[in-house]
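Enquirer: Below you'll find the structure I mean.
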Amino acid sequence: KSLEINTDNFDFNHLPDEPVENILISGHTINCFGYYYKCDNGDIETDCMAMKENDRQNFKWLLTQIIKYNANIDIICEKECFDYYISILNWLDSYDVKHKIRLFKNF
């Protein structure tokens, strides 16, 4: 099963509960999968308390697809979103989360 998510107009209230093999994410919505920040030591952290409830649910869904279902995820991002998605990848890497995410610049 494949899923295309354009964060500009996707209804995140209807994310599938079942495994998705291939996910394509595009759009401009920063923080729809959580809020990330850089610590003084350079580590990337996420702040679940700074997230809205929907953002926490989206992040949980994404982690489930990555960790439990081993989904292939392609992210096409605009210039203003690139650092956000890099932060997500750095956060996953810092916790040794194995993922199959590819990031593509659309600029």
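The values are calculated or read from the model by the stated rules, or taken from the named source; none is laboratory data. This is a predicted model, so every value here is computed, not measured. The protein model used for the area step is the full one, side chains on, heavy atoms only, and it has no ligands, DNA or RNA in it. Shrake-Rupley method; radii C 1.70, N 1.55, O 1.52, S 1.80 Å.
Enquirer: Which ones in region 7-23 are over 11 Å from the mean Cα position of the chain (by Cα) and either open to solvent by less than 50 Å² (accessible area, probe 1.4 Å) or of a type outside the set (S, T, N, Q) (or both)?
Expert: Asp8, Phe10, Asp11, Phe12, His14, Leu15, Pro16, Asp17, Glu18, Pro19, Val20, Glu21
Enquirer: Find the residue count for region 24-42, including only residues that are part of a loop (DSSP other than H, G, I, E, B), hydrophobic (A, V, I, L, M, F, W, C) and open to solvent by less than 60 Å² (accessible area, probe 1.4 Å).
Expert: Total satisfying the criteria: 3.
Enquirer: Continuing with the same structure: Assuming Glu45 fulfils every condition listed in (1) acidic (Asp, Glu); (2) at pLDDT 85 or above; (3) open to solvent by less than 80 Å² (accessible area, probe 1.4 Å) apart from one, which condition is it?
Expert: (2)
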